[in-house]
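The values are calculated or read from the model by the stated rules, or taken from the named source; none is laboratory data. Since this is a predicted model, take the numbers as computed values, not measurements. With ideal geometry, Cβ positions are generated from the backbone for all residues, glycine too; neighbour counts draw on all protein chains shown.
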Amino acid sequence: MFGFGRKNEFPVEGRTVVITGGSDGMGRALAIQLAGKGAHVVVVARTVSKLQGTVEALKSCARNPVKQRFFYISADLIDSAECERVVAEVTAWNDGCAPDVVFCCAGFCHPGFFTDVPLSVQRQQMDTVYWTAANMAHATLRNWLMPVSPSKQIKNPRRHFIFTCSTLAFVPIAGYGPYSPAKAAIRSLSDTLSQEIEMYNGAYTQRHRNAAPAADIKIHTVFPMGILSPGFDNEQKIKPDLTKKLEEADKPQSPEEVARITISALERGEYLITTMFVGNIMKGTALGASPRNAIVGDTLLSWLSNLVFLQVIPDLRNKAFNWGKSNGLPKPSAQDQASS
Ligand SMILES: NC(=O)C1=CN([C@@H]2O[C@H](COP(=O)(O)OP(=O)(O)OC[C@H]3O[C@@H](n4cnc5c(N)ncnc54)[C@H](OP(=O)(O)O)[C@@H]3O)[C@@H](O)[C@H]2O)C=CC1
Ligand SMILES: CCCCCCCCCCCCCCCC(=O)[C@@H](N)CO
């Protein structure tokens, strides 16, 4: 929890939360836990049957089954017009009010060595990982930032937009070339938006005098390690053996655990969120110019991490070199061979 006497920075009871990729894995676990905390939840993904199953599960874990409402929308979020439709449909369903929280969890990973994976698949990874999130951010923020005149201003609690990245956005691992760049792009977008949004939040402070957005907004990004989801099972089938070896330090977590840790971090008001110790060290070496959760803690973490990575960087490269030395050239996965 957020600690005795500390304010909950992420209240969800009675608020409307949209979760993309909410029908499986981490997104589904978040939907269930937020329903348990009293949120109205809308799950978005492509496959209707999985969405329907999730809405049934949400009904049975609601904190207040009489008041809480659940809904699903089937959409392929690679298409920006579909993201606009999602925001419009949620608003219509929610009595004309925009959602309060949008969580982007849609996406999956297609691992493989850069030259083995067809470029069409790599482009599709950028579409599925980066563009589903960027499209959703564009559609949501355009709605949230629409100026409202002073007479229509009511005091809205803060709204939250949350991206899901991966610790691979901080640290390279051979065999994730089709995927990591798209996650690194999300991190860059998140950092840019977290600064840009301050202009709108500044305008919001003057809302009684001028047209301003309807609420204050906060951006967050979650950086999980491995998650034991259906998507993870798929990626394991085509993942190069070297990649599995390089990520040995990772002990994949259950979607429920990742969701629980993420919600607690949001309740503490964190911006870049990691879900376990190794992920935190990976973040620490790559903090760059991202806003800190805590100045002293994050500074000490980055010093420690930079020392740890003096050893980790050559270790990862040596393991790759020695792998080639003893195993020769890699073989593309059957899936990549078939599609190239
Ligand atoms: N699994 C892991 O090890 C890790 C995952 N992550 C990230 O965490 C997030 C959740 O992953 P995970 O729990 O594995 O999820 P899953 O792969 O289990 O589920 C993915 C979800 O996204 C939906 N989805 C996929 N493509 C689209 C699309 N084009 N439009 C709309 N919905 C889509 C899927 O539904 P449908 O197919 O029906 O559309 C499903 O609901 C992802 O962003 C992933 O990249 C980060 C670190 C590690
Ligand atoms: C003490 C500190 C040492 C640090 C060593 C570095 C270890 C690297 C571990 C890489 C883990 C990658 C997890 C993300 C997986 C992911 O995003 C995909 N599964 C996508 O689905």
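Note down all Cβ pairs under 6 Å where the first residue falls in the stretch 242-269 and is modelled with pLDDT of 95 or more, the second is of a type in the set (Phe, Trp, Tyr), and they're at least six residues apart or on different chains.
Within 6 Å, the pairs are Leu242/Trp323; Leu266/Phe10; Glu267/Phe2; Glu267/Phe10; Arg268/Phe2.
Looking at (1) over 16 Å from the mean Cα position of the chain (by Cα); (2) surrounded by fewer than 21 Cβ atoms within 10 Å (Cβ to Cβ), which is the only condition Tyr176 fails?
It is condition (2) that Tyr176 fails.
Say whether the condition of being more than 9 Å from ligand 1 (Cβ to nearest atom), over 20 Å from Pro224 (Cβ atoms), assigned to a strand (DSSP E or B) and not charged (D, E, K, R) is met by at least one residue in the stretch 118-136.
no
(1) surrounded by fewer than 19 Cβ atoms within 10 Å (Cβ to Cβ); (2) within 16 Å of ligand 1 (Cβ to nearest atom): which one isn't true of Lys155, the others all being true?
Status for Lys155: all satisfied but (2).
Filter the stretch 206-246 for residues that are over 16 Å from the mean Cα position of the chain (by Cα) and assigned to a strand (DSSP E or B) and give the result.
Ala212, Ile217
Could you list, in sequence order, the residues of the stretch 69-121 that are in contact with a Cys (Cβ under 8 Å, 6 or more places away or on another chain) and of a type in the set (Gly, Ala, Ser)?
Selection gives Ala75 alone.
What single numbered condition from (1) modelled with pLDDT of 95 or more; (2) under 28 Å from Gly21 (Cα atoms); (3) more than 15 Å from ligand 2 (Cβ to nearest atom); (4) loosely packed, with under 12 Cβ neighbours inside 10 Å fails to hold for Pro291?
Evaluating Pro291 over (1) modelled with pLDDT of 95 or more; (2) under 28 Å from Gly21 (Cα atoms); (3) more than 15 Å from ligand 2 (Cβ to nearest atom); (4) loosely packed, with under 12 Cβ neighbours inside 10 Å leaves (4) as the failure.
Say we look at the stretch 8-40 and pick out the residues that are among the basic types (Lys, Arg) and over 18 Å from Glu89 (Cβ atoms); which of these is farthest from ligand 2 (Cβ to nearest atom)?
My answer is Lys37.
Among the residues of the stretch 52-75, are any within 16 Å of ligand 2 (Cβ to nearest atom) and either among the charged types (D, E, K, R) or within 18 Å of Thr91 (Cα to Cα) (or both)?
Taking every residue of the stretch 52-75 in turn, none turns out to be within 16 Å of ligand 2 (Cβ to nearest atom) and either among the charged types (D, E, K, R) or within 18 Å of Thr91 (Cα to Cα) (or both).
Just to be sure I understand, how many residues within the stretch 111-159 are closer than 27 Å to Glu82 by Cβ, without any contact (Cβ under 8 Å) to a residue 40 or more places away in the chain and not charged (D, E, K, R)?
Of the residues in that region, 2 qualify.
Among the numbered criteria (1) over 19 Å from Cys105 (Cα atoms); (2) of a type outside the set (Val, Ile, Thr); (3) surrounded by fewer than 19 Cβ atoms within 10 Å (Cβ to Cβ), which single criterion is violated by Leu246?
Here Leu246 meets the rest and fails (3).
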